[in-house]
Amino acid sequence: MKTLDKYREDNILTATILIEAAEFDAALKVAYQCSKDKFTSPGRQEGMVLFDEALDLCIPKLYAEFLRENGIAPSGQPEITEVSWPGAGSVTFTVQVPVLPKVSPDQYKGIAVKVPAGDQAAFSEVVMREAVGRMEVSISETMVDQKMKGVLAEQKLHISQDPIYNVLADMVEILRKAYFATGITRSMAQVRSEAMDIMLQNLSKDQKEPSREHLYFLLKETVKGYRELAADFDHKLDQILEERKQKTLDMTPEERAAEAFNAYLGSLDLTEEGWLKMNREKAVLHAKFDMLLDAVGEAESIVIAPEELEAAYLEMGRQCGIDAEQVKASIDADILQWQLKRDKARKLILESAVSIA
C-alpha cells in the first residue's frame with residue numbers, strides 16, 4: 001500500500017491510496033477460492049464479480065492501515081469516491097472521511113458565561129454552545145444525516161414509551177375502521193383530529209375510569225354525525241376492538257413504536273419528512289457537540305480504564321435490573337468506551353467553566 005495523495009479541507013480528509021499489484025493479486029486469489037463453487041464457466045461477468053470481491057477485501061483493510069499509520073482519528077463514516085486501474089495490475093481508490101478538528105485549551109477551558117452555576121441545565125447548555133461556537137468546524141451533510149437518524153431513533157423510542165401516543169394510535173385505527181364499516185370516507189387528518197378528541201374525552205377528569213361503554217358512546221356520537229348507524233353497530237365495534245387488540249399483540253416492538261410515532265406526528269399535523277426538516281438544526285448542533293467532545297478527548301488523551309468500564313457495566317445493569325454480564329453481552333465495548341470518553345470530555349469542559357452572573 002502507498003499513499004499517493006492526501007489533503008484536508010474543512011475537516012474532510014481526502015486520500016488516494018494505491019493497492020499494489022501483489023496485494024490485489026493476493027486478494028483476487030482469496031476471492032476466487034471463496035467463490036469458485038459459484039462459477040460453472042469462468043467468463044467476463046465472473047471476472048468482474050471477482051474484481052469487486054477482491055476490492056471488498058482490500059479497501060477496508062488498507063483504509064484501516066492508512067488511518068493507523070497516519071494517526072488519523074475519523075469522526076464519521078468514509079466514502080469511496082473513485083476507483084481506478086492505472087495498469088500493471090495495481091488499483092487506486094480515493095476515500096473521503098470527516099476527521100476531528102484541531103482544538104486548543106483556550107477554546108474549551110475556562111469558558112465564562114452569564115448564567116448561574118446553580119442552574120445546572122441552563123449553565124451546561126450555554127457553556128457547551130459557547131465551546132462549539134469557538135470551534136472552527138463545518139459539518140458534512142453525511143454527518144448531519146447520520147445524526148438525524150440517531151435523533152429520530154431516540155425520539156421514536158421516547159414516544160413509544162408514552163402511553164398517550166400508544167392509546168392515540170389505537171383510537172385512530174378504531175375510528176378509521178368504524179368509518180369504513182359504515183361506508184364513510186374521511187381523510188386521515190380528519191380521523192386523527194377526531195380520534196384525539198375521543199381519546200381526550202374518554203380520559204377526561206369527568207371519567208373516573210375509562211370504560212368501554214363511554215368509548216362506544218363517543219365513537220357512535222362521532223360516526224352518526226355523518227350517517228345513521230345500523231342496528232348492529234355495537235357488534236361491529238366489538239369486532240373492531242377485538243381485532244385491534246389482537247393486532248397490537250402481534251406487532252413487533254418496532255412496529256408498535258412506528259405506529260405511536262405516526263400518531264404523535266399526526267397530533268402535530270406533521271409528516272416524518274416535515275419533522276426531520278424541523279429538527280435538522282438540532283441535529284447539526286448535536287453533531288457539533290459530538291465532534292467537540294471527540295476532539296477534546298483526543299487533545300486531552302482521555303482514556304477509559306478497565307475498572308471504569310466495569311463500573312459502567314455494573315451501573316447499567318443496576319438501572320435495568322440485570323447483571324453486568326448480560327449488559328456486556330448486549331453492548332459493544334468500543335461504543336461504550338466512546339461514550340464514556342465523551343462524558344469525561346464534557347465533564348472537563350463544564351468543571352473548568354465559570355459563572356459571571
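Computed from the C-beta positions of Ala231 and Gln155, the FRET efficiency with R₀ = 41 Å rounds to 0.35. Seen from Gln337, the other residues with C-beta closer than 14 Å to its C-beta sum to a net charge of -4, counting Lys and Arg as +1 and Asp and Glu as -1.
Note on Ala26 and Gln120: the extension gain reaches 28.0 nm, defined as 0.36 nm multiplied by sequence separation minus the Cα-Cα distance.
Checked against a 24 Å cut-off, the cross-linked pairs Lys147/Lys347; Lys156/Lys245; Lys6/Lys149; Lys109/Lys288; Lys2/Lys61 give Cα-Cα distances beyond that limit for Lys6/Lys149.
In plain terms, the C-alpha convex hull of the chain casts an average shadow of 28.4 nm² when viewed from every direction.
Considering only Ala295, Ala88, Ala64, the Gaussian network model of the chain with Cα springs below 10 Å gives its largest mean-square fluctuation to Ala88. Compared with the direct C-alpha span, the chain from Arg244 to Ser187 gains 18.5 nm at full extension, assuming 0.36 nm per residue.
Using only side-chain charges placed at the Cβ, +1 for Lys and Arg and -1 for Asp and Glu, the dipole size of the stretch 163-321 relative to its Cα centre rounds to 940 debye. Summarising the label geometry, the points placed 7 Å from Cα in the beta-carbon direction at Ile164 and Asn279 lie 1.6 nm from one another.
What you get for the chain, charging only the Cβ of Lys and Arg (+1) and of Asp and Glu (-1), is a dipole of about 600 debye around the Cα centre.
Counted by neighbouring Cβ atoms within 10 Å, the residues Ser90, Ser330 run from fewest to most as Ser330, Ser90. If R0 is 30 Å, the Cβ-Cβ spacing of Val83 and Asp10 corresponds to a FRET efficiency of close to 0.80.
Considering the options Ala181, Ala329, Met128, tell which one lies farthest towards the positive end of the dipole of the chain, charges being +1 on Lys and Arg and -1 on Asp and Glu at the Cβ, about the Cα centre. Of Ala181, Ala329, Met128, it is Ala181. Counting only Cβ charges, +1 for Lys and Arg and -1 for Asp and Glu, the dipole size of the stretch 61-177 around its Cα centre is about 80 debye.
Relative to the compact-globule estimate of 2.2 N^0.38 Å, the Cα radius of gyration of the stretch 9-129 comes out at 1.69.
Among the chymotrypsin sites (Phe, Trp or Tyr not before Pro) found in the stretch 211-280, those both in a DSSP coil and sparsely packed, with 12 or fewer other Cβ atoms within 10 Å of their Cβ, are Tyr226.
If R0 is 41 Å, the Cβ-Cβ spacing of Ile335 and Glu221 corresponds to a FRET efficiency of close to 0.20.
Full extension of the chain between Thr3 and Glu136 gives 45.2 nm of extra length, using 0.36 nm per residue less the Cα-Cα distance. Scanning the chain for DSSP H helices at least 27 Å long along the axis (C-alpha atoms) with a Kyte-Doolittle mean no lower than 0.0 picks out 163-182, 280-299.
With both labels modelled 7 Å from their Cα along Cα-to-Cβ, the Leu200 to Asp269 distance reads 1.3 nm.
Every read-out reported here was derived from the displayed coordinates using simple, explicitly stated rules and does not represent laboratory data. Note that the coordinates shown come from a computational prediction; the quantities given were computed from them, not determined experimentally. Note that we place each Cβ from the backbone using ideal geometry, even for glycine, and neighbour counts take in every protein chain shown.
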